[in-house]
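The values are calculated or read from the model by the stated rules, or taken from the named source; none is laboratory data. Since the model is a prediction, treat every value here as computed from it, not as a measurement. Ideal geometry is used to build each Cβ from the backbone, glycine not excepted, and the neighbour counts take in all protein chains shown. Side chains included, ligands, DNA and RNA excluded: accessible areas come from the protein's heavy atoms. Shrake-Rupley method; radii C 1.70, N 1.55, O 1.52, S 1.80 Å.
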Amino acid sequence: MSFESRMKSGDLEAFFRAVLALESEEECYRFFEDIATVAEIKSLAQRFQVAEMLAANETYVRIALATGASTATISRVKRALNYGANGYKLVINRLKEKE
């Protein structure tokens, strides 16, 4: 599968190589705690939780109540799920396969 990102750049490639070098959940905590604020990390985690719930056909109301996400955030994630680069779907499916 070949994908050409619109965001592709040398600095992002270096960052993604760094993320791919992480070998455990503990290493993820260490790296992300150093590289991002708690609010940034929680925002990313919230978006992923929204994506999982949308993929499970949950309603906006249930998602908003469970995650605290605004309807704007839920809509943005839904747009990415439906028209994005399929990154959410890729990860959600991989995690399901591991269950």
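State whether the residues of the range 33-49 include one that is charged (D, E, K, R), without any contact (Cβ under 8 Å) to a residue 40 or more places away in the chain and not in a helix (DSSP H, G or I).
no
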Filtered residue count, the range 43-89, keeping only those that are farther than 26 Å from Glu4 by Cβ and of a type in the set (Phe, Trp, Tyr): 1
Based on what the data block shows, is Ser24 closer than 27 Å to Lys78 by Cβ and more than 15 Å from the chain's Cα centre (by Cα)? no
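For every residue, the table says whether it meets (1) open to solvent by 80 Å² or more (accessible area, probe 1.4 Å); (2) of a type outside the set (Ser, Thr, Tyr); (3) closer than 20 Å to Arg94 by Cβ; (4) modelled with pLDDT under 95.
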site: Ile41; (1), (2), (3), (4): no, yes, no, no
site: Leu44; (1), (2), (3), (4): yes, yes, yes, no
site: Met53; (1), (2), (3), (4): no, yes, yes, no
site: Ala56; (1), (2), (3), (4): no, yes, yes, no
site: Thr67; (1), (2), (3), (4): no, no, no, no
site: Ile74; (1), (2), (3), (4): no, yes, no, no
site: Val77; (1), (2), (3), (4): no, yes, yes, no
site: Leu81; (1), (2), (3), (4): no, yes, yes, no
So Ala14, is it of a type in the set (Gly, Ala, Ser) and under 24 Å from Thr73 (Cα atoms): no
